[in-house]
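Notes for the one structure printed next.
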Amino acid sequence: MTSMPRRASGRSGGRAARVAARASALSEDMRPIRPGMSGGQYRPLSDKDMQRIHNTALNALEQIGLADAPHTGIDIMVKAGAILGEDGRLRFPRALVEDTLAKACKSLTLHSRDGRLDLDLSGSKVHYGTAGAAVHMIDLDGSNYRDSKLQDLHDAARIANTLDNIHFVQRPMVARDITDNLQMDLNTIYACTSGTTKHIGTSFSDPSHVADGLEMLYMIAGGEDKFRERPFVSNTNCFVVPPLKFATESCQAMEACIRGGVPVLLLAACMAGATAPSTIAGAIAQTVAECLAGLVYVNAVKPGHPAIFGTWPFGLDLRTGAMSVGSGEQALLSAGCAQMHAFYGLPGGAAAGASDSKLPDMQAGWEQMCSAVMAGLSGLNMVYEAAGMHASLLGFCHESLILGDDLIGQAQRCVRGIEVDDETLALDQMRQVCLSGPGHYLGTDETLGRMQKDHVYPALGDRSSPKEWEEKAKPNLLKNAVARKEAILSQPSAARFDPELDAKLRDRFKIHLG
């Protein structure tokens, strides 16, 4: 009887220490999740299925080919072994594709600007981040949609820079307040790079803009040689217009980026039932064919240039013709694509974690979690559009980006899986607790010793009892996300440039951010 109060006191003191420990940053060896954990446990496609998809893609490239390549691309690919038909379509013999796969870059690291979060895309290592071209911002106050602006983009990068489970920042929205496309492209680079040191993805709306973009990147890096050594920005390139046509100007921009030392995301984005077959297998096969053609193109320009196999097939609600990025079909499309990346041994990416819902509500939660978990479990290297995206990619929400950090944390815990060994099977614990202990595992050294490294705790998600919830004035998830956003944005950007560099950039380019 007298020992119980002492145990309770010990638990109380230990609890206070554990609460304090949780409030501080975990050491790397104690973190239960981290960027680049290996997935691949989920395999919706069999080996036979993947081989059939591969053969179908090769047949499509050899028999149908792709139209609308720029003249420079035609010359480059014909010299490499592609065949230009009388119908103007480029066709790709199997031997050419197989030779390309043999020499393509398979070991790719996407660099951060400060070297703290470089992304190793080998094997089935999984990374989550933003992406997209949303044209609207969602203001939760009033549940309103408005045009997205450059400041919104900069703020998104700043917020993402503080979130542990957002591993990269591909531009998620368009700065619609800048009407000049060159200025928009350059200010997009500035807004993102001054907002985060994580790896960034961006695009160019016209090939003539690449030279100025490279100049800006080289200035930020401290010289062309330093950028080429550690390129911290990659080119998001929609090089095809499905079905099976090259996007002429995007291809020209891609050529310039390759020559400038910029890694390339080969982004083939179709809609199953509209610009690709409605079947999941058919949409994957067409998208794989398009990315294989892109891979031939890249390696014909520069063998071994770093490129991400960006198969991005999207779902379609066939009742209405609306894009459906939050469906189970979308989750299967991206998971199947991840398997095809592994089939080829190529670094790859696809979209998962976006929602068709207009607000961060219950619909958004189930849609985002479904595809985010399946993409991670399938071993997708780069999970794009994984946080903040709503309205079938038309809207972006800062608060949803923050909530997505919690959601992705739980998804990553699923990716980590279950470790089975003598320690985790815990037979000795069972014996001690049941035969000579208190009859429960609360407060044991083993339980307390693993509570941080085995469990992911949400930053904003509430797990309190109804009584505790009421005592805390009934905390509201969205209001807490708003408060977190305001707290982040009240501080100067940790990625801001030093004054001398910033002055040089502003002297050379028209920077729209104040």
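The values are calculated or read from the model by the stated rules, or taken from the named source; none is laboratory data. Every value quoted in this text rests on a predicted model; they were computed, and no experiment measured them. Don't worry about glycine lacking a Cβ; one is built from the backbone with ideal geometry, like all the others, and counts go over all protein chains shown. Quick note on the areas: whole protein, heavy atoms, side chains included, nothing else; ligands and nucleic acids left out. Shrake-Rupley method; radii C 1.70, N 1.55, O 1.52, S 1.80 Å.
Brief remarks follow.
- Selection within segment 73-125 - buried (at least 16 other Cβ atoms within 10 Å of the Cβ), of a type outside the set (A, V, I, L, M, F, W, C) and more than 18 Å from Leu346 (Cβ to Cβ): Gly73, Arg89, Arg91, His111, Ser112, Arg113, Asp118
- Residues in segment 59-72 that are surrounded by fewer than 22 Cβ atoms within 10 Å (Cβ to Cβ) and assigned to a helix (DSSP H, G or I): Asn59, Glu62, Gln63, His71, Thr72.
- Of the numbered criteria (1) farther than 30 Å from Ser378 by Cα; (2) in contact with a His (Cβ under 8 Å, 6 or more places away or on another chain), the one Ser400 fails is (1).
- Criterion violated by Ser205 - all others in (1) crowded, with 24+ Cβ neighbours inside 10 Å; (2) in contact with a helix residue (DSSP H, G or I) (Cβ under 6 Å, 6 or more places away or on another chain); (3) of a type in the set (Ser, Thr, Tyr) satisfied: (1)
- Filter result for Val78 (over 20 Å from Ile308 (Cβ atoms) and of a type in the set (A, V, I, L, M, F, W, C)): yes
- Verdict on His136 being over 26 Å from Leu380 (Cβ atoms), at pLDDT 95 or above and buried (at least 16 other Cβ atoms within 10 Å of the Cβ): yes
- Selection from segment 290-314 of residues that are in contact with a Ser or Thr (Cβ under 6 Å, 6 or more places away or on another chain), β-branched (Val, Ile, Thr) and either more than 18 Å from Gly201 (Cα to Cα) or modelled with pLDDT under 95 (or both): Val296
- Filtered by the rule that a residue be within 27 Å of Met37 (Cβ to Cβ) and assigned to a helix (DSSP H, G or I), segment 428-461 gives Gln429, Asp445, Glu446, Thr447, Leu448, Gly449, Arg450.
- Residue ID - least open to solvent (accessible area, probe 1.4 Å), chosen from residues in segment 265-296 that are in a loop (DSSP other than H, G, I, E, B) and β-branched (Val, Ile, Thr): Thr275
- Where strands (runs of 3 or more DSSP E) fall wholly inside segment 302-341, the ranges with 1 or more residues that are β-branched (Val, Ile, Thr) are 307-311.
- Exclusive hit being open to solvent by less than 40 Å² (accessible area, probe 1.4 Å) and closer than 24 Å to Pro32 by Cα, set Ser464, Ser493: Ser464
- Test: residue in segment 144-153 that is open to solvent by 60 Å² or more (accessible area, probe 1.4 Å), among the acidic types (Asp, Glu) and over 22 Å from Asn381 (Cβ atoms): yes
- Subset of segment 35-49 that is assigned to a loop (DSSP other than H, G, I, E, B) and among the polar types (S, T, N, Q) - its residue that is surrounded by the most Cβ atoms within 10 Å (Cβ to Cβ): Gln41
- Yes/no for Cys397 being open to solvent by less than 30 Å² (accessible area, probe 1.4 Å), out of contact with any helix residue (DSSP H, G or I) (no Cβ under 7 Å at 6 or more places or on another chain) and not acidic (Asp, Glu): yes
- Residue match in segment 377-393 (condition: open to solvent by 20 Å² or more (accessible area, probe 1.4 Å), over 15 Å from the mean Cα position of the chain (by Cα) and more than 18 Å from Ala331 (Cβ to Cβ)): no
- Residues that are out of contact with any His (no Cβ under 6 Å at 6 or more places or on another chain), open to solvent by 10 Å² or more (accessible area, probe 1.4 Å) and not in a helix (DSSP H, G or I) do not occur anywhere in segment 403-414.
- Unmet criterion (only one of (1) surrounded by fewer than 23 Cβ atoms within 10 Å (Cβ to Cβ); (2) out of contact with any Ser or Thr (no Cβ under 7 Å at 6 or more places or on another chain)) for Ile220: (2)
- Residue in segment 350-360 that is assigned to a helix (DSSP H, G or I) and surrounded by fewer than 24 Cβ atoms within 10 Å (Cβ to Cβ) present: no
- Condition check for Tyr128: touching a residue at least 40 places away in the same chain (Cβ under 8 Å), assigned to a strand (DSSP E or B), open to solvent by 10 Å² or more (accessible area, probe 1.4 Å) and hydroxyl-bearing (Ser, Thr, Tyr): no
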